[in-house]
1. What residue, of Ser186, Ser191, is hydroxyl-bearing (Ser, Thr, Tyr) and in contact with an Asp or Glu (Cβ under 6 Å, 6 or more places away or on another chain)?
2. Just give me the residues in region 356-366 being modelled with pLDDT of 85 or more and within 13 Å of Ala302 (Cβ to Cβ), in sequence order.
3. Considering (1) over 16 Å from Ile297 (Cα atoms); (2) open to solvent by 20 Å² or more (accessible area, probe 1.4 Å); (3) out of contact with any helix residue (DSSP H, G or I) (no Cβ under 8 Å at 6 or more places or on another chain), say which one Glu386 fails and leave the rest.
4. Select from region 465-517 the residues that are loosely packed, with under 15 Cβ neighbours inside 10 Å, in contact (Cβ under 8 Å) with a residue 40 or more places away in the chain and assigned to a helix (DSSP H, G or I) and list them in ascending order.
5. When you look at Asn408, is it open to solvent by 20 Å² or more (accessible area, probe 1.4 Å), free of Cβ contacts under 8 Å to residues at least 24 places away in the same chain, within 20 Å of Ser469 (Cβ to Cβ) and out of contact with any Cys (no Cβ under 9 Å at 6 or more places or on another chain), yes or no?
6. Of all the residues that make up region 1-38, how many are open to solvent by 30 Å² or more (accessible area, probe 1.4 Å) and closer than 24 Å to Asp83 by Cβ?
7. Are any of the residues in region 73-93 assigned to a loop (DSSP other than H, G, I, E, B), farther than 28 Å from Thr158 by Cβ and in contact with a helix residue (DSSP H, G or I) (Cβ under 9 Å, 6 or more places away or on another chain)?
8. Inside region 45-64, can you point out the residues that are in contact with a Lys or Arg (Cβ under 8 Å, 6 or more places away or on another chain) and open to solvent by 60 Å² or more (accessible area, probe 1.4 Å)?
Amino acid sequence: MDVNFSGTTFTAELLSQLLDSVRDPETGRAGFGSAKFTGAVFSEAANFSSVHFLGEATFHRTRFLEDAQFGGAKFQSKIEFGDSEFKKECRFEGARFHGVAIFNNTTIEGAASFTNCTFSSMAEFRALQFSRASFVQAIFGDRCAFTQSTFNKRTKFTNAQFARTADFSSSSFHSLAQFVSAKFHSVVTFSEASISEAFFSSATFDREADFHNTVFGRAVFSEALFSASANFDNTRFTRKSYFTDSVFSKAALFRGAKFHQDVHFVRAAFERAKRMGPIISHGCIVFSGATFERPIILELSAVDLSFQQAEWSSTGVLRVRHAKVDLSGAYFSSNMVVATMPNPFRNAEGSALDDSPISESLPAKITSLQGTDVAKLLLVDADLRECRFAGAMHLDQIRLEGECQFSNSPRGIQVNGWRITRWTPRRVLAEEVEWRSTSQSPRGWSINTSATSTTPAALSANYRHLRKSFEDSKNEPDAADFYYGEMEMRRNDRTRPRSERYLLAIYCLVSGYGLRAGRALVWLAFTIVATLTGLVFWGLPSQAPMTVSNGVIHGRTFEEVTKTPKPVNPSGPIHDRATLQRFEKGFRVVVNSVAFRSSGQVLTTSGTYIEMSSRIIEPVFLGLAVLAIRSRIKR
């Protein structure tokens with residue numbers, strides 16, 4: 001039966017009478033042909049449960065002042081609730097919409113329930129005002145549009161299915177929006193939307209998922225499956241976000257995405273993504289356990305980056321600004337580059353991204369390589385002052401390029417009780433700083449309250465491997481600092497024989513392990529002065545011995561005998577021996593002894609032994625000084 005009650009005011013009794021008049025006596029179900037309720041007012045509860053609308057149903061500009069019930073209703077043709085108003089609850093649980101369903105510009109002040117509804121044709125909810133809405137297990141067989149709609153309270157799309165395009169662009173969710181286990185079989189767009197708290201856990205996106213320019217509060221995409229491209233360009237996340245165990249089968253577009261707090265990509269899988277970012281985060285970005293199966297470029301600017309146990313199955317490039325990067329336990333099957341990006345990143349439109357509030361320090365700070373195989377790792381312009389190398393594998397094959405910074409040893413003289421220590425500048429590992437800060441004489445070293453289990457033996461191995469890496473790259477001068485560190489740790493390793501440690505201590509004292517030319521030259525100068533002093537006061541005879549020759553004639557034979565008297569030790573007061581002539585003679589002896597040569601000067605017995613000692617010791621100091629200079633300028 002076709003009815004037209006436009007502009008009619010219905011009470012509950014009047015509506016009941018109307019439904020009874022169109023009720024099928026066999027099935028007991030009310031049914032309409034074409035039904036028009038345009039501008040109608042339902043002053044009391046309106047119950048259209050299980051009503052069958054065979055023709056077009058129009059509720060345009062209709063007002064429901066009390067609860068409205070459409071549970072189990074069937075709409076065979078077009079249904080329109082445009083510009084209508086629901087003052088209280090409206091319920092469509094189990095309703096079937098076989099024609100176009102239009103709810104544009106509708107206001108629903110109470111709870112709206114579309115649980116288990118089926119929309120076989122297009123569904124339009126444009127510019128609709130929801131209070132609390134539920135679309136749990138709803139099925140949208142055709143396109144649906146929620147553009148510019150507002151959801152003021154909790155909204156549920158749990159287990160909902162979208163067979164065709166789902167458009168939520170420019171919509172606003174002021175409270176929790178649940179899309180848990182929702183299935184989007186076609187394109188879905190939330191561009192320009194605003195979502196206070198979004199849960200897309202276990203959601204499935206079979207086609208493109210467009211979230212560009214969306215503003216999220218808290219966002220949870222845990223275990224979500226993106227079978228096509230996921231577009232988060234210029235998206236903002238103002239609270240913590242989670243992509244834990246998510247799968248990105250194709251492109252993962254986050255160009256210009258900004259996270260104001262932490263974001264977790266823990267165990268996320270990036271199967272075909274070629275580029276991700278640039279991403280700006282004022283918190284931590286966690287990729288722990290993530291997998292990257294194809295060559296990928298990551299551009300990230302954050303406070304902290306964690307790639308613990310992450311796995312690259314192909315080549316990768318990680319471009320970083322400001323962040324502290326934890327690569328402990330990461331696996332690189334092919335070449336991997338971690339580089340500091342000197343210039344600001346740019347978004348999809350080419351505009352520079354402002355990441356200055358994150359940190360004043362620009363270089364990427366590598367904080368840990370523990371348990372990582374670094375054979376295929378290249379670090380460019382990295383800050384390694386806090387890096388822990390303990391447990392890193394194939395450390396001798398790591399490559400460092402550009403300006404890679406290490407911690408520095410203390411400078412100048414440090415006084416600790418009766419002990420006076422002078423530290424020469426050199427590059428050191430963070431583990432040595434920690435070990436020094438907990439040793440008996442940490443003065444001058446940065447005090448670190450955290451305990452360290454690194455031993456001098458392990459530190460010695462790390463220094464040796466890094467030294468080899470520098471030497472293999474033909475960087476002998478910079479390798480010298482790591483050789484010095486290796487020797488220092490060997491000298492402090494109490495598991496080594498005491499004789500070896502004493503020998504290393506002497507080697508350090510006289511020449512800084514053959515790396516401190518100044519130290520060797522000081523000892524050389526001291527030896528020269530000591531030798532010269534000994535010669536002047538005890539080594540040179542008081543007078544040069546006069547050679548005496550005597551001859552004897554035996555027939556036709558003349559025999560000449562020449563005798564040289566034994567040098568006479570100097571006598572008299574010590575100060576009388578310090579003459580310019582004696583200093584000049586002693587200086588000639590000392591200069592010749594440096595080059596293993598004898599001056600030919602007649603010496604006393606004491607002077608002979610002094611010269612012999614100087615001819616052994618002084619060339620050694622000279623050789624150590626030359627060796628140290630050579631180690632700093634070797635190409």
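The values are calculated or read from the model by the stated rules, or taken from the named source; none is laboratory data. Quantities reported herein were computed from a predicted structural model and do not represent experimental measurements. Don't worry about glycine lacking a Cβ; one is built from the backbone with ideal geometry, like all the others, and counts go over all protein chains shown. In case anyone asks, the SASA skips ligands and DNA or RNA and just uses the protein heavy atoms, side chains included. Shrake-Rupley method; radii C 1.70, N 1.55, O 1.52, S 1.80 Å.
1. Numbers: Ser186 fails: in contact with an Asp or Glu (Cβ under 6 Å, 6 or more places away or on another chain).
Result: Ser191 is the single residue among Ser186, Ser191 that is hydroxyl-bearing (Ser, Thr, Tyr) and in contact with an Asp or Glu (Cβ under 6 Å, 6 or more places away or on another chain).
2. First, pick out the residues of region 356-366 that are modelled with pLDDT of 85 or more: 363-366.
If the condition is that a residue be modelled with pLDDT of 85 or more and within 13 Å of Ala302 (Cβ to Cβ), then Ala364, Lys365 are the ones that fit.
3. It fails just one condition, (3).
4. Within region 465-517, Asp472, Pro477 qualify.
5. On the way: open to solvent by 20 Å² or more (accessible area, probe 1.4 Å): yes; free of Cβ contacts under 8 Å to residues at least 24 places away in the same chain: yes; within 20 Å of Ser469 (Cβ to Cβ): yes; out of contact with any Cys (no Cβ under 9 Å at 6 or more places or on another chain): yes.
Criteria met by Asn408.
6. Step one: filter region 1-38 for residues open to solvent by 30 Å² or more (accessible area, probe 1.4 Å), giving 1-2, 4-9, 11-14, 16-17, 20-21, 23-29, 34, 36, 38.
From what is left, the residues that are closer than 24 Å to Asp83 by Cβ are 2, 4-9, 11-12, 14, 34, 36, 38.
Counting residues in region 1-38 that are open to solvent by 30 Å² or more (accessible area, probe 1.4 Å) and closer than 24 Å to Asp83 by Cβ gives 13.
7. Among the residues of region 73-93, not one is assigned to a loop (DSSP other than H, G, I, E, B), farther than 28 Å from Thr158 by Cβ and in contact with a helix residue (DSSP H, G or I) (Cβ under 9 Å, 6 or more places away or on another chain), which makes the answer no.
8. If the condition is that a residue be in contact with a Lys or Arg (Cβ under 8 Å, 6 or more places away or on another chain) and open to solvent by 60 Å² or more (accessible area, probe 1.4 Å), then Glu56, Arg63 are the ones that fit.
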